[in-house]
Structures are given as structure tokens and as C-alpha cells.
Amino acid sequence: MPKIEASTVAEHRAMREEQVLQAAADLLIEGGPQALTPAAVAKRATISRTAVYHYYPSSADLLIGALEHLMAQTVHDLEAAIAEAGPGPMAQIEAYVRTSLASAATGYCAGLVDSSAIPESHRDELREWHERLLAPLRAIAQDCKAPDATLAAQLVQGMIDAAARAVVDGADLAEVTETTLVLLRAALGRPHAMA
């Protein structure tokens, strides 16, 4: 029987799967979907390729697992930032923007995931994660009494995605963040101060 590195077999498996997911997520950030092969993940995670296949039987499953891992972290970070933000929708939007663009500075932004790299059989899962990412913006738009909260959230997310693309492409994070916030304040009727 293989040696386990935890108190129980279940804990060992959970730890090993997390190791695979983190290696896959790192490779996805560094090299995109094409860098995400079972062999590369096994090497990064310092485990056998067979062990990778145990958790993720195909490259597509590995890609979806890595994306879900990254998106879950992004949703958690966004929700935490909004919860810690000062009162008012602009403070919450600022927290959402700053957190999203800080994530982009690491090389990953959920809004920039190329859906063409995702097998058709898994695109619904990706759409569900994008809906979870939009949920905080939609709630903020509802608090602002936007006539169409979903459209408002999509428009704000579109601006954030464009800013994230600039950051991923090498633009200065602080400059892009401030420009994005200035534009959002103006668009939302608060050009000089945050409420």
C-alpha cells in the first residue's frame, strides 16, 4: 500500500487533489491552456502522471478543475473584499475593481478565460462560474436601483475585463486601477468622490 501523508486516507486524497489543482492552476496562469498537460502537472506537483489521472482523467477535466479552483478563489476574494469595504455601492465597486485587477496582475483574470479553449461539454460549468463572479456586481447594481441590474453588472464587468487585459499585457496596475475607477465613478454619476 502506498504511503499516505496525512492522518487518514481521505485527508491524504484531499491533500493530493489540492496539490494537483494548485500545480494545474500555476501552469494555467504561466502558460495558458496549452501548458496544462497531465505530464506537466505531475512534474510540477512532484507526483506520478497516474496519480494526476486518478483525479482528472483527461486534459479537459484538468483544465476545468484548474479553472474552477482559480474561480473559486476569485469569488472568495471578491466576496471578502466587498464585505470589508466601507459602506455604499461605490466602496464595494472599488473593492471589486481593486481585487479583480490585483488578480490580473498575477497573470490570471477570470473574465479573460478564452471559452474556445474549453470543450463544449464543459462550457456550462464555465458559464455558471462567470455568473457567480457577476453576482456581487449585480447585487451592487440592485442596491443602486439600476433599471437592469444584470446589464449594469455586465457593463461594469466589461470595463474591468478590458482593464485586466491591459494589466495582463503589462500596463501599470496602479495606473490602470485608478483610470478604471475614475471612469466608473463618472459613469455612475460620482466623478470626484466616492459615496
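The values are calculated or read from the model by the stated rules, or taken from the named source; none is laboratory data. This structure is a prediction, so every number in the text was calculated from the model and none was measured. Because the Cβ atoms are built from the backbone with ideal geometry, glycine has one as well, and the counts that use them run over all protein chains shown.
Here are the numbers for this structure:
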| item | result |
| --- | --- |
| Inter-residue pairs, beta-carbon under 8 Å, first under 15 Å from residue 29 (Cα atoms) and at pLDDT below 90 and in the range 39-66, second among the hydroxyl-bearing types (Ser, Thr, Tyr) and assigned to a helix (DSSP H, G or I), 6+ apart | 65/55 |
| Positions within the range 55-101 being in a helix (DSSP H, G or I) and among the polar types (S, T, N, Q), in sequence order | 59, 73, 74, 92, 99, 100 |
| Only listed residue being buried (at least 17 other Cβ atoms within 10 Å of the Cβ), among the basic types (Lys, Arg) and either at positive phi or in a helix (DSSP H, G or I) (or both), chosen from 127, 138, 132, 123 | 138 |
| Selected residue [under 27 Å from residue 16 (Cα atoms), surrounded by fewer than 16 Cβ atoms within 10 Å (Cβ to Cβ) and out of contact with any Gly (no Cβ under 9 Å at 6 or more places or on another chain)] from 66, 80, 51 | 80 |
| Residue match in the range 102-114 (condition: in a loop (DSSP other than H, G, I, E, B), within 12 Å of the chain's Cα centre (by Cα), on the phi < 0 side of the Ramachandran plot and among the polar types (S, T, N, Q)) | yes |
